[in-house]
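Please treat every number below as a calculation from the coordinates, not as lab data. As the structure is a prediction and not an experimental result, all values here were calculated from the model. Cβ sites come from the backbone with ideal geometry, for glycine too, and all protein chains shown count toward neighbours.
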Amino acid sequence: MTTDSNCSATINAVVGATSPGEMITATATDPFNNTSEFSACLEVQNGGGGNPLTLTSAVSRKTHGSAGDFDLSLVLDPASDVTVEPRNGGPTQVIFTFSDDVVASDGMISSNEFTITNAAFSSASIAGNEITLNLTGVVDQSVVTIALSGIEDMNGTPLSGDNDVAIRALLGDTNQNHTVDKPDYELIEQHLNEAVDSSNFLLDLNLNGTVQKSDGRIVRTNRRHSVP
């Protein structure tokens, strides 16, 4: 590392597992093993020196043909509400965003970090403060639940709080009222032949990038389907 004209430099370092109340200091060593004096001490806060690691958002992502990816924001409190995913296949890719960069506590993100109902684990990956979870075998007219565990930040601080995410899989429920019915069909009729954008992507049930009569036929086929 090279310092500036004031002999200063910014150093970003990942510190191993620590506990609140412990003190951290540092020295600088040059290529000839000459060592500086000890730096000022800093007290560890919250086991890692920062704020608690929390889940800040989650989305159900679908690719709508050439129109690209569109994300449905998920409610993070299943006790208050559960988001309806009306598009084909239900939730198949869920992206979790955290308050800081994350790692798996066992060193490898896998099915060990997820407890899933009404769907099967396919794969998962970590990039910075995001985890992408791929699902298969989602059952229509069901509630898919995903519980996270074994996730921590770069300082070893574990994920805090209740981190269950629930998603209703109900193909055709464009207005997300938990039942596939005439208003869902009428909503598609109002937007026929529109290219998919951020305002109408839930109407493109078959994910081809355009709101079409074929989406309306999906609603008619699934009429009266519901999920609690």
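In which sequence would ILE218, ILE188, ILE126 go, from the one with the fewest C-beta neighbours within 10 Å to the one with the most?
On the way: ILE218 22, ILE188 26, ILE126 18.
Least to most surrounded, the residues fall as ILE126, ILE218, ILE188.
Could you work out the Kirkwood radius for the chain, taking every pair of different alpha carbons, averaging 1/r and inverting it, reported in Å?
Working: mean 1/r = 0.0490 Å⁻¹.
Roughly 20.4 Å, rounded to one decimal.
Kindly state, to the nearest 0.05, the FRET efficiency for ALA79 paired with THR136, given R0 = 22 Å and r defined as their beta-carbon distance.
Using R0 = 22 Å, I get an efficiency of 0.20.
To the nearest 20 Debye, how big is the dipole of region 52-228 about its Cα centre, given +1 on the beta carbon of each Lys and Arg and -1 on that of each Asp and Glu? Don't jump to the answer; show the numbers that get you there.
Values: 10 positive and 24 negative charges, 176 e Å.
Roughly 840 debye, rounded to the nearest 20.
Can you show me the helix-derived [θ] at 222 nm for the chain, built from DSSP H runs with n ≥ 4 at -39,500 (n - 2.57) apiece and divided by the number of residues, rounded to the nearest 500. Don't skip to the end; give the middle numbers.
Details: 2 runs with 18 residues, N = 228.
It comes out at -2000 deg cm²/dmol, rounded to the nearest 500.
Under 16 Å from a point 7 Å along the Cα-to-Cβ line of ALA195: which residues of region 57-96 have their amide N that close?
Correct set: 64-70.
Any idea how far the Cα center of region 151-220 sits from the one of region 59-88, in Å?
So the separation of the two Cα centres works out to 5 Å.
Let's test the formula: R0 of 30 Å, r as the Cβ-Cβ distance of SER105 and THR3. What FRET efficiency results, to the nearest 0.05?
Details: r = 36 Å, r/R0 = 1.20.
The value I calculate is 0.25.
Where does each of 53-64, 189-200 land if you order them by average Cβ count within 10 Å, highest first? Before the final figure, lay out each step's value.
On the way: 53-64: 18.4, 189-200: 13.2.
By packing density, highest mean first, the sequence is 53-64, 189-200.
When you count, for each residue, the other Cβ atoms within 10 Å and take the mean per peptide, how do 128-139, 144-155 rank with the highest first? Write out the running numbers ahead of the final one.
Working: 128-139: 16.3, 144-155: 18.3.
Descending packing order for the listed peptides: 144-155, 128-139.
Pick out, in residue order, every one of the chymotrypsin sites (Phe, Trp or Tyr not before Pro) in region 29-90 that is DSSP loop and has at most 12 other C-beta atoms within 10 Å; say none if there are none.
On the way: sites: PHE32, PHE38, PHE70; in loops: PHE32, PHE38.
Of the chymotrypsin sites (Phe, Trp or Tyr not before Pro), the ones in loops of region 29-90 whose Cβ has at most 12 other Cβ atoms within 10 Å are PHE32, PHE38.
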